[in-house]
Each structure stands twice: as structure tokens, then as C-alpha cells.
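One structure is given below, encoded as C-alpha cells.
The values are calculated or read from the model by the stated rules, or taken from the named source; none is laboratory data. What you see is a predicted model; the values in this text were computed from it and never measured. Cβ placement follows ideal geometry from the backbone for every residue including glycine, while neighbour counts extend to all protein chains displayed.
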2 protein chains.
Amino acid sequence: MRILSSFVEKGSRFYKDHPRYSKLLVVAAVSGGSLLAYSSSNSSHHVTGDSESKKKRIVVLGTGWGATSYLKNLDLASYDVQVVAPRNYFAFTPLLPSVTCGTVEARSIVEPIRNIIKRRGASATFWEAECFKIDAKNKKVHCRPVQKSESKDKEEIIMDYDYLIVAVGARVNTFNTPGVEENCHFLKEVEDAQRIRRSVIDCFEKASLPNISEEEKKKHLHFVVVGGGPTGVEFAAELHDFVKENLSKLYPKVKDFVKITLLEAGDHILTMFDKRITAFAEEKFKRDVIDLKTGSMVVEVTNNAIRTKERSSGEVSSVPYGMAVWSTGIGTRPLISEFMQQIGQTTRRVLATDEWLRVQGSDCIYALGDCASINQRRIMEDIAVIFSKADKDNSGKLTVKQFQDVITDICERYPQVKLYLKNKKLKGVSDLLKDSEGKDNSTELDIEKFKSALSQVDSEMKMLPATGQVAAQEGVYLANCFNQMAEREKNPVGPPRIRGEGRHRFHPFRYKHLGQFAPLGGEQTAAQLPGDWVSIGHSSQWLWYSVYASKQVSWRTRTMVVSDWMRRFIFGRDSSRI
Amino acid sequence: MRILSSFVEKGSRFYKDHPRYSKLLVVAAVSGGSLLAYSSSNSSHHVTGDSESKKKRIVVLGTGWGATSYLKNLDLASYDVQVVAPRNYFAFTPLLPSVTCGTVEARSIVEPIRNIIKRRGASATFWEAECFKIDAKNKKVHCRPVQKSESKDKEEIIMDYDYLIVAVGARVNTFNTPGVEENCHFLKEVEDAQRIRRSVIDCFEKASLPNISEEEKKKHLHFVVVGGGPTGVEFAAELHDFVKENLSKLYPKVKDFVKITLLEAGDHILTMFDKRITAFAEEKFKRDVIDLKTGSMVVEVTNNAIRTKERSSGEVSSVPYGMAVWSTGIGTRPLISEFMQQIGQTTRRVLATDEWLRVQGSDCIYALGDCASINQRRIMEDIAVIFSKADKDNSGKLTVKQFQDVITDICERYPQVKLYLKNKKLKGVSDLLKDSEGKDNSTELDIEKFKSALSQVDSEMKMLPATGQVAAQEGVYLANCFNQMAEREKNPVGPPRIRGEGRHRFHPFRYKHLGQFAPLGGEQTAAQLPGDWVSIGHSSQWLWYSVYASKQVSWRTRTMVVSDWMRRFIFGRDSSRI
């Protein structure tokens, strides 16, 4: 035993002494957040910067994908870093659907943010509080502890910042459908997944009671998923597997009453994926007897029925249900709506940032993840300035040669140009000009011809999807910018400023899509990888296992997730109602 | 991957096909239970026995140690078995203190009761409902679903029974101390342990906020444990380890404010153990700077302070606290109090049963575990009958020979006789008679001398402790009685009936104490094994690991508990607030 004990101790020491083994690339979905609550506090506590150290203070709001990957990459020693979030852990959200059915345990996908900071070997302060107001004018954020306590503790905390990183994520969008908040489960947070798990078992236990009619059994065991996006589809598939592999054996008397319905307002599910994947998923769900209803909009949810409206016929029908999961769209957190009003971004759903992730209209505030989107600059807005910059001899005409001289800078600043060339299968800028003219011999363009050559380019601008993968890459990018801030002030590397002199300090943010998975149950997964490479089936499931294991935020969560998978293979999923 | 996948599948099939590997002896503490709630239902559903099968119907109340070990050993095919409990799983309660600090995960110590039944390969029905009334006269129990639902579902379920097994456990005894229910955590159920875990992290997060004075930090980080029994002591030790090994590293700024206080009304902790263990534990707690206050009674708990009274001086003092765990005494569940009133057992704390676990005064109702205790028959109550049965020649005098003829039966019926002989170091019954006479030559006794010889014997009667070990043994015993019921009607094996003819059908229940552990933290455990063998230290900790691993109710929980321990060695305990 002595030997075993010493072995274990050594192992333990190894992992503790080699934190670099747990530094791994982070890729995937959705961040934590701040909720607004009306402040009635009468006292406040002011936290000012560490004046002695003279380090610039960065306040980070959130512990989701964006904030965590930012913290994992930031040079913590160069700044006074304060992290504020209502959740003291990072959650590996792509595995949330697995948590709903116990394929993976909740605790296996979370890692305390303090651990993540500690492993960096530097200091940053974490506060479990929610920010409810950003005061951009005075460079302050107003926060409030999340825990219910005596009123005295609930006093406001006001923090100064030099830079503010907003990464509070989004909330579920109910599209103001009546009854959704009260009666549906969401699937954004770990607690949501735990609640869904309990609720599934509850439905089976309720249906098993002796005083329940067949009608009621059917109702209790009718599981409705609203939203045919990756999360909704994965949850429906997980639930189907849970019922088929585990629950039907433990609840043999009621298993025939189980029904899973997936409601999607659009014509197809998984529309962000390749059509082959959509078709395969729809086929598989048909085989699995998951009732897929496309073109069906939810108009109301009561405590025991869901009313839907067929988009084609306008027919409204009502169907009783036992449990409903609402998994469609992302909505704006109150903190963000209020801040957007403050800075005049009133017509938007999320914060607009420039290509350097800086919130438009606020110099020291950066935003990333689901609470923000990059407001890509339209080339047509700057077309006159571009023309005059390129037309160095002020001739009022642009030669192909002159245009070629500036095209690299233009492509960096307006990535839609590159996309346009690629999609139109044009080889270069001369092709673009040819294309607009339709003939080969034009060597010079005036401003009108130049405009018309580029007129279609802006149509290629795309919003980045609200995934963890985007947020994580933004976090890495922003941390690198901050790490090089001092150096790049002197030695900028970005594209030249179109309106103004000199260059931008940094290259603008570029998202690199690494692919996306859609687990479909029964050990089958659809994968869409870069270059339109589509793979569906058991092999992708193994790819999914490998990728999700490797992307875990720590060795602890990696070990736990893998052992959860093994446990599920061997013993099945647990159905205790805890 | 094909190979790995097939290996895993095979492994999975192996465990599923060999359920006997998961049949293991169950030893240890505390059962689930029924809570009374006032019934306002206006409809009811009547569940009658399966009249066609003509099997006798057994209704089992509870899924704790007693009920589960009964179900694991009962010949389910011979009876129509219905299990009713508000909890659809069995919990390995001795590991609850480990769950409070994440040394072991909650889900690792629970097993769905449906799984346990299914592995027996026979059928028994489980209903997730709470029994709120036992109607002994009409052989019915009244139950109510546990889940909140529309009123229609909450209708009463009335079940007929031929035999009723009451194993609903106990609840915490607050001794009516004001404020305990509202402000203290208990440690009886899995949910309690999970709440405590979150609460510990909450206290650390609260104390880490910037708007908190030193005074408040001290308050938030003052953890109070009330009750120096094994559970309270183990929790205090676990918490100390959690703070020392994990939290102090993640919360370095507040670690010096942490204080753990253990309040015990008696003079010592762990009084059910050997004095050496008590002394060692008290010493260890002193070294660990756990503030042990004996002779200190809690008189009131408010939301931020605990008022205690020194038993010696009568001095009352008040101390602020962050979190308090109440772990002292066991109280009666409302269902049991009401039933005791019904059958006239009004002066007792738990149900009285005879030595065959039958509730006194109710022929077909059996009770086991924490909700019952065996009302051992006093020999002095039956002394005259015993004398006349032994005095076969009706001489009014008893020879030693005559006495020796009946002594085996007497020892079986009144086990206190054997204990008395053992404790007095007497070799046999002739010694007992000698002892009473004080001289050697008495060969005959009259009734008065016989009385005086046995007068001290009843003082050896002892109540069984309220542990899972007792409940589990009772469950096994009772299941065996039921399995042999038909056979033993014809061929009884018990002791002769003192008042009446013939023999009892079964041997009375005998508890065999297999020892008890008291984990003291820092990988040290005290173990008290049969024969007053005491072992303290690291070796007992390893014994504890082995015993608790082997006693798990299924291979799934065994694997999970062991892997939780390994995870803790390697990665420490998780401190995410979920």
C-alpha cells in the first residue's frame, strides 16, 4: 500500500508541477453572463486601480469561451487583471446536451476560473459578481454580488478600468412567445442541463404511477424540443438514445408511450450545415421515430400544452407535453441592451465592434463572443477614399498597376474582396476589373468604373456565427493584441488607415473555421470540416470523441469526460433523480 | 478503433449479462423516507392486489439501507412486491460527508432502485410517491406522488397490502432548537450534501469580494458543525482537508480567516467509539486547529449567529458564522408518529417491534432501520412463566439440571442472558445460580431465588444503534424470513413460545457488529472492529477505502467511487459552484 500510495502521490505531484500539460487550444460554444437586476442598494464600494504598480487595469466581464481564452493567453503579469462574472467556472458548453442525459457528468465539463488563472502562474483577481452597468464615460463598471445575503452585503461594487473586456455572452431568445420563460427548459448553462436531466426522470416516474391514464402517460412522456439548430438536434438525439438504451429497460411498462417531437420554424433542421448533413439527420430522425415537424412555429406554451402554427397553412394546433426544451436563437442580455442605448447602438441585437474587437464608439472597451459582432466595414463606404489613395498621381484614372499596388492592403482591410474573388473563381484583381468591363483591354478606370467593379463585393460580408469557436479565437486574438500593445504602438503592423495617416497597430481579427460537429445519436455524428469536407457516421463519432477530449480546458476535465464516456459504454447512464 | 469499440461493447455486455457480480453484502447507515404533507386531494386511486396470481402482496416503504437490502435478498418471484418511496434511488450514506467536499461525487454513491430490482431478474414495482398514512385496520397505505404537478395528478393512491415493510428512516432531530430548520444544513440526503458543497464555495466567494471587512470575512469563513457524532466529525475533518489541500491555494487572500468549530453538548466527541479513538480524534483536531467545543449546547440559530450555552457555567454566548451543519440525533418522521398514535405506541420515539421485526400490535406490519427499534423482551416480565415451564414436575423448586434443560431456549429468546454471562465472566448457568447464592451447594431454587439470580440480567439489554449496518442486516434477516415463510409455518425453528404452545417460526433477529469507521481527515481513519480491536492512522484509511469500495451496491458505483478517489489524489477536489 505504501508503494501504491507513493505512486499516486508522485502522479499527483507530476500533474501539479507541470501545468503546461494542461495548456491546450480551446475551440467551441457560448459564454456565461451578467444579468441585470434593479439596484436598490444604498451603499457602494469603490475599487480603484493599484496606483503603486502603475499597471493598466483590465476588467474582464465573463468566464465563458471568450473571456477564458483571453485569460489563458493574456500576459497577466503586465496588467492588473480583474475578472468579474456570476459563475466562478468555465463550462465546456458543447457537451451540455450530453449532460442532459448523463452521458457526461456536469462536473466533468467545468473548471474553476481560479484554477485556470492559477495555472498561468500569475495573479489575476476573480470576483463572483454580476456587472449590471457599464459607465463608459467615467470608465467604471457597477457590479453586485450574485449571492443572496443580508442587504449589507448586497452593496454595489464600482470598479475602475483602463480597458474593459465585455464577454458576457447572450441569453436565450424566446421571441416574446408567451409562456416560454415559465414552462420551457433552456440549455445555456450547466444548471439548465442538470434540471433537464431531473425533469426527464420526473416524467418517467410520473407516468409510472398507478393513478395515471393512458392519455396522461402519453402527455408526461411527450418530450418537445423547439429549435432545429445543433443544440436542439443533439439534445433530441441524446434523449432518444437515453430512452432507447437505458430508460426503456428500467421503465418497461411505459416505454411505448414515449414520443420525442422536434419543432422547427424553418423548412429544414441544421441549416448552417451542408445539405447532405441536413438530409442525413432528417432521415435518421425518421428512422428513430423522432417526430420532426418543420415549418411549425410555436405561438404559445402553457403548463401542459404547446400551441403551434403551421407556416404554410396557418393552421393552429395544440399538443400536450411532459417536458419542453427551448433551444432557438440568442437574445441580448439586459446589461448589453442598456450599454448599447448608452452608446447609441440602439438598432442592433448585439454590440457592434470594429475589426479589432473594439466596441464602436468606445475607445477602451472591447467585446467578444456572443454579446458582440464585428461590424465589417463596407468597401462602398470608403470607395472614394480608396480611389484617391490608389490614384497617387491624382490623374482621376486608376491603372491596373496602381490598383495592384494597394490590393493587399485592401484585402486585409476588406476581407470580403478576397471572398468575392474566391467565390467568383477570379484569379486576381485584374480579373475583377475585366469582369466589370466584360472585355480585356481596359487598362484604366475612372471612379465610376471602379465603383461598379467593386459594387458586388460587399454582398460577400458575413456575420460570424455565435459559437464558442468564434469566441475562443477572438479571445486568443485580443490577448495577443494586449500582449503586444506597447511594441505595436511604436511599430504598427496593421493595414494603412484609409481615413488618416499611418497604419493600424494590429492586423484585424480573422476567423478561421475549423469545422463543426452535429452528433445525431446512436454513435453517429455528422462533421463538416473546412473545405466542405463532410463526414457522417461512426467514424465521425470517434473524431468527435477525440476532438472534444483534446479541446478540454484541463487534464482533470479531460480525464473525467473520457472516463464518463467509458462508464456510459460499460454501465449505461444513471437514472437516479438527483 | 473498431477493435477498441468491440472490446468496450464486449465489456459492457459482460457486466450486463453477469448481474451476480454486482450482488454484494451491504453494510452501513441511514434510510430514505416519507414526509407527511397535508392531503387536500379530492380524488383517490385504489390499487388492489393482483387477484389472479394469488401471490401475497408486500408493500415496501423506503429505498434506504433496510428496504434495499430486503429487496436484494427477497425471493421476488414468490410475492407481488410494490416499493413506494419519494426517492427513486438507494444512496450509500456513509460517503455523504465525502460528497460535501467533492472527494466523491454525488452520483457515484447512488443507484436507481429500478436497476437493483432489475438485476434480480424478477419483477417488483416501484412508485415514486410518499406514504403519508398507514391504515393498519384495513391493511392499506395512503400515498401521494412526490412531484409537484397539476392538482389532478396529486390524487391520493391507496394501496392494499398483505404485508407491509416500513423502512422509511428517520429525520434530523433539531430538539426544537429555534432557527435550526431555517438556517442550518442537515446531512441526511444526497441533496443535503450537494447543498453544503455549494454553500462552502459560496462562503469563500463571498469572503473574497472587495466590499467585505475583515470582520465579515471571518464571519463568512466560520464553519460550524453541531454534533460530535461520526457524521459531524467526518464532515469537519473533510472540510478541513478541502480547505487545506485545495481552497487555500485558490483563495490565498482569505485562507487565514477560515475557522472550523465543532460544537458538542456532551463531554467528548465520538462517544460511541473506544476512548482511545475519542482521545486521538480530539488530539488530531487540536493539531488541525479545528476548534472543538465540548459541553456546549446550541440554544438558538439566527441567520448570522449561533447562540450556545456552556453546560458547566450556564454562560450564554453568541458567535457569528458563515455556514452551519446540524448533525445531531435522529427524529421521528410524521408518518411514523401518526402511526404510533394509531397503534398506541405514544410514548416512544421510534416504532417498537418484537425480535422478529414485527411491529408490536400489528400482525402484518414489519419495521426496520432507523424508524424502528426492537423492543427486547425483559426476562423479569416472563420470570414466573419461565419458572413454571422449567419446573416440569411442578415441585415449586428448580434443580440446576432442570434449569440447564431450558437455558438454550432462554438464551435465544433473551439474548441479554448470554451477554450478562459474558460480561460477568461466568462460564455457564450454574455459575449464575452460584453467583446469586454466593455459595456452592445450592442445587435447588424456589421462584424468589430464581428471580434474584436473574434480576440483573435485563440491565444488559441494549438498543441497536441507528446505523445502516443494523438496517442492512435487518433487511437480510427479514427477506430470509419471508423466503422461508411457507416452509417455517409447517416446520418452525424458533425458540419455544413462553406464553403459548409450540415454537416460534423463526429465530429472532441477531445483530452482528462488523465494526465502524471514523475518518478523521489527512488520510487518517479510526477503526473499531469486533473484539475491541482499535486501529488508527493511515493503514485504517486504506482499510476504509477497501471496505467502502467493496460494500458498494453495484459495479457502477464501485468503479465511480474508486475513480473519484483517484481523481482527487491526482487533480484535487473541484471548486466550481454547481
Exercise for the section: Within the stretch A:47-67, identify whether any single residue is modelled with pLDDT under 95, outside the structural domain of A:Gly522 (by the TED database) and touching a Leu at 6+ places or on another chain (Cβ under 6 Å), and answer yes or no. Expected result: no
Exercise for the section: Determine if the stretch B:63-79 includes at least one residue that is within 30 Å of B:Ser199 (Cα to Cα), of a type outside the set (Ser, Thr, Tyr) and in contact (Cβ under 8 Å) with a residue 24 or more places away in the chain. Expected result: yes
Practice task
Determine if the stretch A:224-246 includes at least one residue that is in contact (Cβ under 8 Å) with a residue 24 or more places away in the chain, assigned to a helix (DSSP H, G or I) and farther than 24 Å from A:Leu95 by Cα.
Solution key: no
Exercise for the section: Kindly check whether there is at least one residue in the stretch A:561-575 that is outside any helix (DSSP H, G or I), surrounded by fewer than 16 Cβ atoms within 10 Å (Cβ to Cβ) and in contact with a strand residue (DSSP E or B) (Cβ under 8 Å, 6 or more places away or on another chain). Expected result: no
Practice task
Only one of these is farther than 21 Å from B:Leu464 by Cβ and surrounded by fewer than 15 Cβ atoms within 10 Å (Cβ to Cβ): B:Ser539, B:Ser535. Name it.
Solution key: B:Ser539
Exercise for the section: Among residues belonging to the stretch A:341-351 that are of a type in the set (A, V, I, L, M) and crowded, with 19+ Cβ neighbours inside 10 Å, point out the one that is modelled with the lowest pLDDT. Expected result: A:Val350
Problem - Counted residues, the stretch A:247-268 - those being within 14 Å of chain B (Cβ to nearest Cβ), outside any loop (DSSP other than H, G, I, E, B) and surrounded by 22 or more Cβ atoms within 10 Å (Cβ to Cβ) - result: 1
Handout entry: Residue that is at pLDDT 90 or above and surrounded by fewer than 17 Cβ atoms within 10 Å (Cβ to Cβ), where the choices are A:Glu355, A:Glu381, A:Glu338
Key = A:Glu338
Handout entry: Residue among A:Gly266, A:Gly227 that alone is of a type in the set (Gly, Ala, Ser) and within 18 Å of A:Tyr321 (Cα to Cα)
Key = A:Gly227
Problem - Matching option when the condition is away from every other protein chain (no Cβ under 12 Å), in contact with a strand residue (DSSP E or B) (Cβ under 7 Å, 6 or more places away or on another chain) and touching a residue at least 40 places away in the same chain (Cβ under 8 Å), among B:Pro496, B:Pro508 - result: B:Pro496
Practice task
Tell me, please, whether a residue that is under 30 Å from B:Lys56 (Cα atoms) and not aromatic (Phe, Trp, Tyr) can be found in the stretch B:531-542.
Solution key: no
Problem - Output for the stretch A:209-246, where each listed residue is of a type in the set (S, T, N, Q) and out of contact with any strand residue (DSSP E or B) (no Cβ under 7 Å at 6 or more places or on another chain) - result: A:Ser213, A:Thr231, A:Asn246
Handout entry: Flag for B:Asn211 being buried (at least 19 other Cβ atoms within 10 Å of the Cβ) and farther than 30 Å from B:Gln528 by Cα
Key = yes
Handout entry: Where a residue in the stretch A:397-408 is touching a residue at least 24 places away in the same chain (Cβ under 8 Å) and its partner, wherever it lies, is assigned to a helix (DSSP H, G or I) and among the aromatic types (Phe, Trp, Tyr), with Cβ under 7 Å and at least six apart
Key = A:Leu398/A:Phe387; A:Leu398/A:Phe450
Practice task
Among the candidates B:Val224, B:Val168, B:Val146, single out the residue that is of a type in the set (A, V, I, L, M) and under 23 Å from B:Arg107 (Cβ atoms).
Solution key: B:Val146
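When the residues of the stretch A:203-215 are filtered to those that are among the polar types (S, T, N, Q) and free of Cβ contacts under 8 Å to residues at least 12 places away in the same chain, which remaining residue is farthest from the other protein chains (Cβ to nearest Cβ)?
Pass one, the stretch A:203-215, residues among the polar types (S, T, N, Q): A:208, A:211, A:213.
Next cut, free of Cβ contacts under 8 Å to residues at least 12 places away in the same chain only: A:211, A:213.
Numbers: A:Asn211: 3, A:Ser213: 10 Å.
Selected residue: A:Ser213.
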Handout entry: Matching residues, the stretch B:526-554, being more than 13 Å from chain A (Cβ to nearest Cβ) and in a loop (DSSP other than H, G, I, E, B)
Key = B:Pro530, B:Gly531, B:Asp532, B:Lys551
Exercise for the section: From A:Thr271, A:Thr278, grab the single residue that is at negative phi, surrounded by fewer than 23 Cβ atoms within 10 Å (Cβ to Cβ) and either at pLDDT 95 or above or part of a helix (DSSP H, G or I) (or both). Expected result: A:Thr278
Exercise for the section: Return yes when B:Ile158 is more than 12 Å from chain A (Cβ to nearest Cβ) and crowded, with 18+ Cβ neighbours inside 10 Å and no when it is not. Expected result: no
Practice task
Examine the stretch A:488-500 for a residue that is modelled with pLDDT of 90 or more, over 30 Å from A:Ile109 (Cβ atoms), surrounded by 15 or more Cβ atoms within 10 Å (Cβ to Cβ) and among the charged types (D, E, K, R), and state whether such a residue exists.
Solution key: yes
Completion exercise
Apart from one, (1) acidic (Asp, Glu); (2) surrounded by fewer than 21 Cβ atoms within 10 Å (Cβ to Cβ); (3) within 14 Å of chain A (Cβ to nearest Cβ) all hold for B:Glu181; the odd one out is (3)
Practice task
Consider B:Val200 carefully, then state whether it is within 14 Å of chain A (Cβ to nearest Cβ), more than 28 Å from B:Gly468 (Cβ to Cβ), more than 25 Å from the chain's Cα centre (by Cα) and among the hydrophobic types (A, V, I, L, M, F, W, C).
Solution key: no
Exercise for the section: Could you grab me the full set of residues in the stretch A:382-396 that are in contact (Cβ under 8 Å) with a residue 60 or more places away in the chain and more than 36 Å from the chain's Cα centre (by Cα)? Expected result: A:Ala384, A:Phe387, A:Lys389
Fill in the blank from the handout: Residue set A:Lys309, A:Lys275; condition among the basic types (Lys, Arg) and under 22 Å from A:Thr467 (Cα atoms); output residue A:Lys275
Problem - Selected residue (only one of A:Thr557, A:Thr467 is within 22 Å of the chain's Cα centre (by Cα), within 14 Å of another protein chain (Cβ to nearest Cβ) and crowded, with 17+ Cβ neighbours inside 10 Å) - result: A:Thr557
Handout entry: Residue list for the stretch B:512-525, restricted to those being assigned to a strand (DSSP E or B) and closer than 16 Å to B:Arg287 by Cα
Key = B:Pro519, B:Leu520, B:Gly521, B:Gln524, B:Thr525
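Would you check which residues across the stretch B:216-246 are among the basic types (Lys, Arg) and either within 14 Å of chain A (Cβ to nearest Cβ) or farther than 23 Å from B:Glu283 by Cα (or both) and list them?
Looking only at the stretch B:216-246, we keep the residues that are among the basic types (Lys, Arg), and these are B:217-219, B:244.
Those that are among the basic types (Lys, Arg) and either within 14 Å of chain A (Cβ to nearest Cβ) or farther than 23 Å from B:Glu283 by Cα (or both): B:Lys217, B:Lys218, B:Lys219.
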Problem - strands (runs of 3 or more DSSP E) enclosed by the stretch B:77-129 - at least 1 residues per element that are more than 9 Å from chain A (Cβ to nearest Cβ) - result: B:79-85
Problem - Leading residue by the ranking (nearest to A:Gly515 (Cα to Cα)) among those in the stretch A:263-286 that are under 22 Å from the mean Cα position of the chain (by Cα) and free of Cβ contacts under 8 Å to residues at least 40 places away in the same chain - result: A:Thr278
